[in-house]
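Have a look at the structure below before the remarks.
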Amino acid sequence: MNDISKHKAPPQPLSIQIQDNNLIIDWDENPPHRSIFPISWLLNNTYDVHNAEEIEKQVILWNKAWLETNSMQKYDLQSCSRESWMNQLLQLGFVVIRNIPLEELESFLVSLGPIRNTEYGTIITQNTSLAERDIAATSNALTPHTDLTFWCNHKVTEFLYSVTNDTIGGESLVVDGFYVARDFREDHPNDFRILAETPVPFCRVEPEYQYSFRPKNYIIELDREDEIVAVRFSHKNCTPILPAEQIEAFYQAYITFSHYLKNPDYQYRFRLEPGDCLLMQNFRILHGRTAFEATSGSREFRVGYIEWDYVLGRYFYQREFNENFSHNNSM
């Protein structure tokens, strides 16, 4: 370990040379110290380019019309490169990967990062037999929402895998929360500010497991540059207990934003067939579904979460250190 505090600031070079595509620097140190930097590494790590900024440039905001015009692609696990579908996940916030056998689902997911453990386990079964426990297991329509709003860190990659899906109805839908929030900001700046500056509790009580979750957070989260970096939205968990003088304005903003999210022009609908896996940024993409007839067939899914940091870290590592990244499949 090189302790930088023991060296001169700034360090002074004795000699600098370029040899075999490497920058070689001998430093004025005791004992002598030499640094060798590949030119390619220096260009990839220049102070003028940062990974976060690079990701921001890749982001494509979309609505229903944009996706229909640009023909959103679904990727076959057996024939696509990991780079191709990961690029779409970063750009659009979601991707559908096809032809994943159920017995290979866990190994595919673990190749991206550790699956987050919850009170229900890691890979959670979802079907109508569990309707008493979770509204998502009913046959009712689900309006656009994000998951885990009642956890301090909801910035995860959510996976939704179709085991069987031959009922009438039950189309999946996704919404780009960043696109909607941008439009909402332009049309209703005061309401936008209320949702971005008013922390509210998101609550969930689990009597069976004896948990009561109640973190406070913002429905629309901004960074220091005032850019939108997260959207949290869930009717069943949002419990806006606020001072009396704030309640009316808050609900006006909340209801208006809800109308935006439910606007069909923002919603992209599609059907997940058996073997399809929907991956999405839970902090950007809201998801839901249309109602389905539970007695018309079989519908079973697997659901779970991987920390977004792991997925993003895997992307950067393979892009920077794996020369075959663009040619490798997802496994």
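The values are calculated or read from the model by the stated rules, or taken from the named source; none is laboratory data. Because the structure is predicted, anything quoted here is derived from the model rather than measured. Counting neighbours? That spans all protein chains shown, and the Cβs are built from the backbone with ideal geometry, glycine included.
Entry remark, segment 253-296: residues being of a type outside the set (A, V, I, L, M, F, W, C) and either on the phi > 0 side of the Ramachandran plot or touching a Leu at 6+ places or on another chain (Cβ under 6 Å) (or both) number 6 in total.
From the set of residues in segment 153-203 that are under 22 Å from Glu300 (Cβ atoms) and of a type in the set (Gly, Ala, Ser), which is nearest to the chain's Cα centre (by Cα)? The extreme case among them is Ser172. Using the structure shown, decide if Phe233 is under 24 Å from Thr118 (Cβ atoms), surrounded by 15 or more Cβ atoms within 10 Å (Cβ to Cβ) and touching a His at 6+ places or on another chain (Cβ under 9 Å). Spelling it out, Phe233 is indeed under 24 Å from Thr118 (Cβ atoms), surrounded by 15 or more Cβ atoms within 10 Å (Cβ to Cβ) and touching a His at 6+ places or on another chain (Cβ under 9 Å).
Take segment 222-252 and flag every residue that is in contact (Cβ under 8 Å) with a residue 60 or more places away in the chain, closer than 23 Å to Arg204 by Cα and not basic (Lys, Arg). Ala230, Val231, Phe233, Ser234, His235, Asn237, Cys238 - these are the residues of segment 222-252 that are in contact (Cβ under 8 Å) with a residue 60 or more places away in the chain, closer than 23 Å to Arg204 by Cα and not basic (Lys, Arg).
Determine whether Ser129 is over 20 Å from the mean Cα position of the chain (by Cα), at pLDDT below 95 and outside any loop (DSSP other than H, G, I, E, B).
Yes, satisfied.
Within segment 272-283, not a single residue is free of Cβ contacts under 8 Å to residues at least 60 places away in the same chain, under 18 Å from Asn87 (Cα atoms) and under 22 Å from the mean Cα position of the chain (by Cα). Taking the conditions (1) of a type outside the set (S, T, N, Q); (2) more than 30 Å from Ala291 (Cβ to Cβ); (3) in contact with an Asp or Glu (Cβ under 7 Å, 6 or more places away or on another chain) in turn, Arg224 satisfies each one other than (3).
Within segment 168-184, the set of residues being closer than 20 Å to Thr125 by Cα and buried (at least 17 other Cβ atoms within 10 Å of the Cβ) comprises Gly170, Ser172, Leu173. What about His259, is it touching a His at 6+ places or on another chain (Cβ under 9 Å), surrounded by fewer than 20 Cβ atoms within 10 Å (Cβ to Cβ) and over 19 Å from Leu109 (Cα atoms)? So His259 does not fit the description; no. Only strands (runs of 3 or more DSSP E) whose full extent lies in segment 184-243 are considered here, and the ones with at least 3 residues that are at pLDDT 90 or above are 220-222, 228-231.
Could you list all residues from segment 141-186 that are in contact with a Cys (Cβ under 9 Å, 6 or more places away or on another chain) and either farther than 18 Å from Val229 by Cα or among the basic types (Lys, Arg) (or both)?
Phe159, Leu160, Tyr161, Ser162
Starting from segment 92-106, keep only residues that are in contact (Cβ under 8 Å) with a residue 24 or more places away in the chain, then list their pairs with residues that are in a helix (DSSP H, G or I) and polar (S, T, N, Q) whose Cβ atoms are within a distance under 6 Å, requiring at least 6 positions of separation or different chains. Sorted first by the residue in segment 92-106, then by its partner, the pairs are Val95/Gln88. Going by what's in this entry, would Met1 be described as surrounded by 16 or more Cβ atoms within 10 Å (Cβ to Cβ), in a loop (DSSP other than H, G, I, E, B) and modelled with pLDDT under 85? For Met1, the condition - surrounded by 16 or more Cβ atoms within 10 Å (Cβ to Cβ), in a loop (DSSP other than H, G, I, E, B) and modelled with pLDDT under 85 - is not met.
The listed residues are Gly275, Gly313, Gly288, and the only one of them that is touching a strand residue (DSSP E or B) at 6+ places or on another chain (Cβ under 7 Å) and not in a loop (DSSP other than H, G, I, E, B) turns out to be Gly288.
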